[in-house]
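Okay, so here's the structure we're looking at.
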Amino acid sequence: MWSLSPALLRALDPETAHRLTLRGLSLGLHPRFRQRRAEPVARLFGKDIPNRLGLAAGFDKDAEAVAALAALGFGAVEIGSVTPKPQPGNPRPRVFRLPADGAVINRYGFNSGGHDLARRNLDRLRPNQRPPLLGVNLGANKTSENVPADFALGVQQFADIADYLVINVSSPNTPGLRDHQTIDALGRILDLALDARAQTMATPLLLKIAPDLADGDVAEIVDLALDRGIEGLIATNTTIGRPADLRSTGPALEESGGLSGQPLFERATDVLTAIREQADDRLVVFGTGGVSSPAQAQEKVRRGADLVQLYTGLIYGGPALVKPLIHAVSKPARTEAVTGLNHLIDHHGYRGLIVDLWGVMHNGKALFPDAVEALRRARQRGLQVQFLSNAPRRSASVATLLDAMGLQAEAYDGIVSSGEESWQALNDRSEPFFAALGPRCFHLGAGAKDANMREGLDFAFQDEIDGADWILNTGPASSTDLGEWLPLLKTGLSAGLPMVCANPDRVVMRGTAKELCAGALAEWYEDQGGTVRWHGKPHASVYRTARASMGLCRHEVLAIGDSFTTDVAGALGAGIDVLLVNTGIHQSDLDGDLMAGVDRLSAEKGVRPTFAADCLRS
């Protein structure tokens with residue numbers, strides 16, 4: 001029981017300790033964690049959850065202690081694996097501790113009370129006893145003659161009570177089960193499960209995979225998941241491998257079964273990273289395997305986990321581990337103040353920088369010498385530097401402007417601009433929105449400075465809105481009053497003209513004065529019912545383009561910007577850490593006490609930068 005210490009429980013054999021723990025939980029003998037945070041940390045499957053920590057399947061197979069586990073503070077509780085018919089699993093002993101490695105070997109073999117028992121236990125839960133997110137992990141009976149049908153039965157049995165369902169073909173302890181991880185076999189299982197779901201509720205469906213799969217096999221499973229339209233993947237189950245650096249000794253090392261715990265962390269996290277990089281935001285991904293500390297939980301989130309699941313860590317850390325892990329995977333309570341870029345590179349191992357220009361590198365009139373020197377030193381250390389600008393003109397034009405300011409091409413590796421993204425979409429016209437645009441375009445822009453946005457495109461551009469089929473909005477020149485543009489915008493609305501906005505910024509600092517940008521006009525236009533296609537920060541596609549040019553994963557990149565609305569929101573939405581510098585749009589809001597201002601604006605804007613500094617310096 002968890003009223004006993006983890007050390008005392010470890011004096012018992014593992015399975016007895018597990019049964020006592022479940023019994024104690026069901027009797028209410030457990031701590032309770034009440035979170036002070038009122039706002040939800042994430043939204044998964046249409047539900048708000050207070051934190052990103054979940055309990056993995058295997059702990060509460062038959063839903064005996066769901067209410068108690070919810071009271072511990074988990075944002076999600078996953079029961080199972082549950083098989084259609086009751087089965088005892090493999091003979092005891094079947095669980096073995098490797099304490100020197102913080103690991104466990106188990107060969108339970110899907111011991112389960114069956115669908116009916118788990119369903120009765122779930123039906124008894126009152127609404128206030130349910131966890132924020134309830135998952136049911138589905139298994140197949142050992143003697144099943146039709147494994148896909150077993151999973152379909154689970155979908156039928158639990159779709160109306162679970163918040164998500166998991167197809168588990170990755171347990172190593174049921175003979176032949178992992179053979180169903182081949183693409184053809186998985187396709188048959190998913191097709192039958194989706195057919196069953198179509199007859200009941202559209203409960204999200206996830207697939208749990210093994211860490212022992214080759215990288216190419218993982219990639220094929222991601223493609224299959226996207227093709228079939230399931231909602232997510234769980235990375236990963238236990239491993240049949242035995243790492244050479246295990247420190248434990250004794251007969252337990254020779255036992256067969258799945259290894260879980262700290263030795264699994266690296267491989268499970270690599271699989272998680274690969275899934276997230278390939279699927280981007282098209283799949284929900286749970287990170288499972290090897291979490292026993294706040295730092296490891298945070299790393300799962302950095303690598304792209306929407307939810308971090310815990311199990312083996314509880315065996316060694318007990319319930320006291322839950323609270324620090326919840327804090328670790330939730331939104332940061334505070335932004336970290338930093339004095340220089342070198343500190344962040346040293347402590348977080350970044351290999352690439354995605355850097356805003358206006359407000360970070362210059363003020364529209366002159367470069368910031370400290371920022372230029374910081375990037376020079378970062379590149380000396382081997383970091384790649386990509387500028388990511390909401391400039392409403394093509395990247396080559398931005399490079400020409402930087403050169404005129406004194407920032408030559410050898411100071412960076414490339415430029416991605418919102419104007420370039422817009423131009424490429426207009427040139428390609430593969431998306432239905434762009435394919436439907438008429439031939440005549442009214443260019444609402446800043447004259448010659450934005451002229452290269454017209455070059456090479458198969459449209460007739462005009463400087464009057466009458467007779468136009470659509471609007472290319474690159475922003476006015478040197479304007480501070482939105483009102484002067486409203487008559488023009490109302491004409492576009494009356495004509496039903498769609499708009500392409502090549503710069504989502506609302507305002508920009510030119511020296512110490514604020515000027516309107518294209519985003520201010522587009523925002524008003526959209527608020528009044530107009531159709532707007534946005535390109536640039538905070539939209540994720542520009543971050544994907546910048547990262548792709550560097551060949552780096554999300555966790556290897558730091559974004560640097562000056563705006564909450566575009567830079568902070570965009571980087572966080574793309575899964576990238578972000579440094580906010582106070583040399584741009586928020587100077588009047590953040591001067592004085594920088595961190596107090598960051599806290600205030602974070603609450604106001606609904607996003608919080610990872611780091612903050614007065615300026616970009618080494």
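Every number in this text was worked out from the coordinates using simple rules, so none of it is lab data. Model, not experiment: these values are computed from the prediction. All Cβ positions, even for glycine, are placed from backbone atoms using ideal geometry, and neighbour counts span all protein chains on display.
Here is how the numbers come out for the structure above:
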| item | result |
| --- | --- |
| Stokes-Einstein diffusion coefficient of the stretch 322-363, Kirkwood radius over Cα pairs, 25 °C, 0.890 mPa s, in µm²/s | 185 µm²/s |
| Taking N as its residue count, the alpha carbon Rg of the stretch 540-618 over 2.2 N^0.38 Å | 1.10 |
| Ellipsoid semi-axes in whole angstrom, largest first, where each is sqrt(5λ) of the Cα gyration tensor of the stretch 421-518 | 23, 16, 12 |
| FRET E, pair His347, Glu431, Förster distance 41 Å, beta-carbon r, rounded to 0.05 | 0.50 |
| Gain on full stretching of the segment that runs from Ser248 to Arg92 - 0.36 nm per residue minus C-alpha separation | 54.0 nm |
| Cβ-derived FRET efficiency at R0 25 Å, Asp179 paired with Lys47, nearest 0.05 | 0.15 |
| Ranked packing of 288-294, 598-604, 73-79, most packed first, by mean Cβ within 10 Å | 73-79, 288-294, 598-604 |
| Summed residue charge, Cβ within 13 Å of Tyr525's Cβ, Lys/Arg positive, Asp/Glu negative | 0 |
| Ranked packing of 222-228, 441-447, most packed first, by mean Cβ within 10 Å | 441-447, 222-228 |
| Too-long pairs where the Cα-Cα distance tops 29 Å, listed order kept, from Lys300/Lys537; Lys490/Lys537; Lys142/Lys323; Lys365/Lys537; Lys323/Lys537 | Lys142/Lys323; Lys323/Lys537 |
| Cα-projected label distance for Met201 with Ala214, points at 7 Å along beta-carbon direction, nm | 4.1 nm |
| Cα gyration tensor of the stretch 36-101 - equivalent ellipsoid semi-axes, whole Å, descending | 29, 17, 10 |
| Per-residue HN-Hα couplings for the stretch 609-618 [Karplus 6.51, -1.76, 1.60; θ = phi - 60°; Hz; x = Gly/Pro] | x, 5, 9, 9, 8, 5, 7, 8, 8, 5 |
| Whole-angstrom Cα spans of the stretch 95-186 along principal axes, big to small | 39, 38, 23 |
| Packing rank of 417-426, 192-201, 122-131, where each peptide gets the mean count of other beta carbons within 10 Å, highest leading | 417-426, 192-201, 122-131 |
| Residue-averaged 222 nm ellipticity for the chain, from DSSP H runs of 4+ at -39500 (n - 2.57), nearest 500 | -10000 deg cm²/dmol |
| Separation of the Asp123 and Ala320 label points, Cα + 7 Å toward Cβ, nm | 4.2 nm |
| Dimensionless Rg ratio for the stretch 490-573, taking C-alpha atoms and the 2.2 N^0.38 Å reference | 1.28 |
| Added length on full extension, which subtracts the Cα-Cα distance from 0.36 nm per residue, Glu15 to Ala513 | 172.4 nm |
| Cβ-Cβ FRET estimate between Glu526 and Asp281, R0 fixed at 22 Å, reported to 0.05 | 0.50 |
| Where Rh is the Kirkwood radius over Cα pairs, Rg/Rh for the stretch 307-377 | 1.20 |
| Enclosed volume per residue, in Å³, of the convex hull spanned by Cα atoms of the stretch 465-504 | 77 Å³ |
| Whole-angstrom gap from the stretch 407-435 to the stretch 251-330, using each part's C-alpha centre | 37 Å |
| D_trans [Stokes-Einstein, Kirkwood Rh over alpha-carbon pairs] for the stretch 390-448, 37 °C, 0.692 mPa s, µm² s⁻¹ | 249 µm²/s |
| Net charge contributed by nearby residues that have their C-beta within less than 15 Å of Leu482 (K/R +1, D/E -1) | -4 |
| Residues with amide H under 5 Å from that of Ile209, placed H, sequence gap 5 or more | Ile234, Asn237 |
| Neighbour net charge for Cys553 - beta-carbon separation under 13 angstrom, K R +1, D E -1 | +1 |
